[in-house]
Amino acid sequence: MRAKTNYDFYLIVATTVVLFIISVICIYGMFYFKLAEVNQLAAAAKVNYMNTMNRVLAPFLIALIVLLGICVPKRLLPTVWLNRFSVLLVLCAVVAGFLGDVHMSLVLVLVVSLALQVVVLVMACAGSTELNFEKKSYWVRVGSSLLHLGLIVFVLDFFFYRYLTLHLMLFWITTVSLSLGMVFCFYADSFSRLLQKKTTPATDKQ
């Protein structure tokens, strides 16, 4: 149990650090784009800027995708099978990279993670006790599942931002999932009390 807790803790810390670095890079990129007036430069300069930012972001994006590929199935699998699944997923990603490119392998990991996270979310909403969560609260489980779903879709959107319709759909899925996830996690006790009041029949006043 101690090893399992440490495993979850290290995954949370690693994911938080990588997300923080990605956020810093994105914020820096936006301010630099505005202050340096990159939009006013020649097309070749703009393309060079985008390629440079992509190269800087790529290692951290890959790290986040790998972490998501581990974090999601750990809700469904015991540690032993989780390690085997992670190795298998990495092998499939490597094969996809050789057959196609790195883009294809990363999208493969994200799609598999997304499919698994949808399963986790459905099971959490159904109140399944088979999922591996630190917290037992129903709303915390649902909220955590929504947060992970939103995070996966957020990363997936990096690969499809050029497709406006799909980009907008992924954006709104991310927004709704993350917003609801945070509300359910932060106010789990309030939702539990509210649900209990609605399901408990009112007693007649004497």
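Data overview
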quantity: Number of the exception - S144 against (1) in contact with a His (Cβ under 6 Å, 6 or more places away or on another chain); (2) touching a residue at least 24 places away in the same chain (Cβ under 8 Å); calculated: (1)
quantity: Any hit, the range 27-35, residues being part of a helix (DSSP H, G or I), aliphatic (A, V, I, L, M) and touching a helix residue (DSSP H, G or I) at 6+ places or on another chain (Cβ under 8 Å); calculated: no
quantity: Test: residue in the range 40-55 that is touching a helix residue (DSSP H, G or I) at 6+ places or on another chain (Cβ under 9 Å) and among the β-branched types (V, I, T); calculated: no
quantity: Flag for K4 being part of a helix (DSSP H, G or I), charged (D, E, K, R), modelled with pLDDT of 75 or more and touching a helix residue (DSSP H, G or I) at 6+ places or on another chain (Cβ under 8 Å); calculated: no
quantity: Matching residues, the range 147-158, being of a type in the set (A, V, I, L, M, F, W, C) and either exposed (fewer than 14 other Cβ atoms within 10 Å of the Cβ) or part of a helix (DSSP H, G or I) (or both); calculated: L147, L149, L151, I152, V153, F154, V155, L156
quantity: The listed residue being surrounded by 14 or more Cβ atoms within 10 Å (Cβ to Cβ), touching a helix residue (DSSP H, G or I) at 6+ places or on another chain (Cβ under 8 Å), over 17 Å from L11 (Cβ atoms) and of a type outside the set (G, A, S), out of V72, V142; calculated: V142
quantity: Helices (runs of 4 or more DSSP H) within the range 40-126 that include 3 or more residues touching an Asp or Glu at 6+ places or on another chain (Cβ under 9 Å), in contact (Cβ under 8 Å) with a residue 60 or more places away in the chain and over 27 Å from M30 (Cβ atoms); calculated: none
quantity: Members of the range 159-206 that are in a loop (DSSP other than H, G, I, E, B) and either loosely packed, with under 11 Cβ neighbours inside 10 Å or at pLDDT 80 or above (or both); calculated: F159, F160, R162, Y163, Y187, T200, P201, A202, T203, D204, K205, Q206
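The values are calculated or read from the model by the stated rules, or taken from the named source; none is laboratory data. Just so you know, these numbers come straight off a predicted model, no measurement behind them. Neighbour counts run over all protein chains shown; Cβ positions are idealised from the backbone, glycine included.
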